[in-house]
Amino acid sequence: MGTIYGYIRVSSRDQNEDRQLIAMADAGVPTRNLYIDKQSGKDFDRPAYKRMVGRIKSGDLLYIKSIDRLGRDYEEIQNQWRILTKEKGVDICVIDMPLLDTRRGKDLIGTFLSDIVLQVLSFVAENERANIRQRQAEGIAAARTKGIRFGRPPDPLPDCFPEFYEQWRSGKMSGSDAAKACRMPTSSFYYKAKLYEHSKKV
């Protein structure tokens, strides 16, 4: 019997991996063979995952809690699954989906069913990621229509800005001199001048 490994992934350092750790302990995965990444599942450029793939070998068994913990890109999930099971000869068990256990049904029908389930779940994982992005974009657009602004609020104009702005507009001062008088970079002065002009028109 080969070595038992476990792979855990959470999307950010703020998320808790306790549920996955409990599942790995219940499955009998030794703590020393657990690999944990705290980053997005959009690709497989993850340090712990790479270390695990470099160490795992034919006859070993890999546990993951659910298919979306492996990744969220439809094609990449299937590609990594193929590398692990076909090229490296590793068995994979997805704890939340008993059908995705390569130790079972190694005949043609069992392999066929596993491949179908993997394709469906991989598609669902990627589709959910796309839906999250769309909901975020729609939420931001809706907030902007209500006048909600994102990012750091702009610095207020210095009290002397209107005076030097008018001198610059009338040609009595150059833009660089007006910027120096306002104690700001020339590029910032021109940018603030555009905003100031717009505010006067509204």
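The values are calculated or read from the model by the stated rules, or taken from the named source; none is laboratory data. Quick caveat: nothing in here was measured; it's all calculated off a predicted structure. Counting neighbours? That spans all protein chains shown, and the Cβs are built from the backbone with ideal geometry, glycine included.
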inquiry  = Among the listed residues R51, R72, R32, R55, identify the single one that is within 22 Å of the chain's Cα centre (by Cα) and under 13 Å from Y7 (Cα atoms).
reply    = R51
query = Tell me, which helices (runs of 4 or more DSSP H) lie completely within the stretch 146-202 with 1 or more residues that are surrounded by 14 or more Cβ atoms within 10 Å (Cβ to Cβ), modelled with pLDDT of 90 or more and touching a Pro at 6+ places or on another chain (Cβ under 7 Å)?
reply = 175-181
note = Scanning the stretch 1-24 residue by residue, those farther than 21 Å from Y74 by Cα, touching a Gly at 6+ places or on another chain (Cβ under 9 Å) and not in a loop (DSSP other than H, G, I, E, B) turn out to be I4, Q20, L21, A23, M24
ask   = Under 7 Å by Cβ, and 6 or more places apart or on different chains, what pairs join a residue from the stretch 70-91 that is closer than 20 Å to Q39 by Cβ and assigned by TED's automatic domain parsing to the domain that holds V10 with one that is charged (D, E, K, R) and not in a helix (DSSP H, G or I)?
value = R72/K42; D73/K42; D73/D43; E76/D43
